[in-house]
1. For the range 95-120, how many residues meet the condition of being under 19 Å from residue 148 (Cβ atoms) and either of a type in the set (D, E, K, R) or surrounded by 19 or more Cβ atoms within 10 Å (Cβ to Cβ) (or both)?
2. Out of the residues in the range 12-36 that are without any contact (Cβ under 8 Å) to a residue 40 or more places away in the chain and part of a helix (DSSP H, G or I), which is farthest from residue 72 (Cα to Cα)?
3. Within the range 42-62, count every residue that is farther than 16 Å from residue 113 by Cα, assigned to a helix (DSSP H, G or I) and among the β-branched types (Val, Ile, Thr).
4. In this structure, is residue 92 open to solvent by 10 Å² or more (accessible area, probe 1.4 Å), at pLDDT 85 or above and farther than 20 Å from residue 138 by Cα?
5. Can you work out which of the residues in the range 131-142 that are in contact with a helix residue (DSSP H, G or I) (Cβ under 9 Å, 6 or more places away or on another chain), in a helix (DSSP H, G or I) and open to solvent by 50 Å² or more (accessible area, probe 1.4 Å) is farthest from residue 22 (Cα to Cα)?
6. Kindly provide the set of residues from the range 22-41 that are within 16 Å of residue 125 (Cβ to Cβ) and either open to solvent by less than 30 Å² (accessible area, probe 1.4 Å) or at pLDDT 90 or above (or both), ordered by number.
7. Go through (1) modelled with pLDDT under 75; (2) within 19 Å of residue 68 (Cα to Cα) for residue 98 and report which single condition fails.
8. Taking residue 56 as meeting all but one of (1) at pLDDT below 90; (2) under 20 Å from residue 149 (Cα atoms), write down the number of the exception.
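The values are calculated or read from the model by the stated rules, or taken from the named source; none is laboratory data. Predicted model, so just to flag it, every value in this text is computed and none were measured. Don't worry about glycine lacking a Cβ; one is built from the backbone with ideal geometry, like all the others, and counts go over all protein chains shown. Just the protein is used for accessible areas: all its heavy atoms, side chains included, with ligands, DNA and RNA removed. Shrake-Rupley method; radii C 1.70, N 1.55, O 1.52, S 1.80 Å.
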Amino acid sequence: MDLLVNFFTDYGYWAVLFVLIICGFGVPIPEDITLVSGGIIAGLYPENVNVHIMLVVSMLGVLIGDSTMYWLGRIYGVKILRFRPMRRILTLQRLRMVRDKFERYGNRVLFVARFLPGLRAPIYMVSGITRRVSFVRFLFLDFCAAIISVPIWVYLGEHGANNREWLAEQIKTGQSGIYVLIGLIALFVGWKIYKARKSPKE
């Protein structure tokens, strides 16, 4: 986080936008830490960085990065697996698994994907490959998920900019909370599917 804060301090909004876009490509930089770091420089240097503008920049970076993965899948299809860097993000095993998730849960997978760092990029790419969801719908679902998490991390960083120990604890708590939320959503969706399959028999 200190490395990102120093980088963002030197280059401002453009640096945050750039890092968030490459996060969308599956580059192993934690998106939540990137967002918090953007909020930190807004808290440390409010005369130079406006936290609300930082939020808008962060949302743009997240949506552009995610959309790029969608369009790579839509334009190249499964041929994208010929590119070695992409094979690290989307293996055949992941492709089959994500397709299976789409078959079972539909477009709800796109909403949940925002909270699954390891699977986010493959899911977005497969949504483009399969073309089962239009880009407008993809963008809407991605925005709905991002508007929940992105403001939390940015404003948390700004609020705790001068107290890193407290901030570190809040980040851990927030990450745990997100995983609990995902678990609850998964249980709810599973229950709804179970009820839907059981109803015709009754």
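1. So the answer is 7.
2. Checked the range 12-36; the qualifying residue farthest from residue 72 (Cα to Cα) is 12.
3. 4
4. Considered against the rule, which asks whether it is open to solvent by 10 Å² or more (accessible area, probe 1.4 Å), at pLDDT 85 or above and farther than 20 Å from residue 138 by Cα, residue 92 comes out as no.
5. Step by step, filter the range 131-142, then rank; the result is 137.
6. Passing the criteria: 23, 24.
7. In the conditions (1) modelled with pLDDT under 75; (2) within 19 Å of residue 68 (Cα to Cα), residue 98 misses (1) alone.
8. (1)
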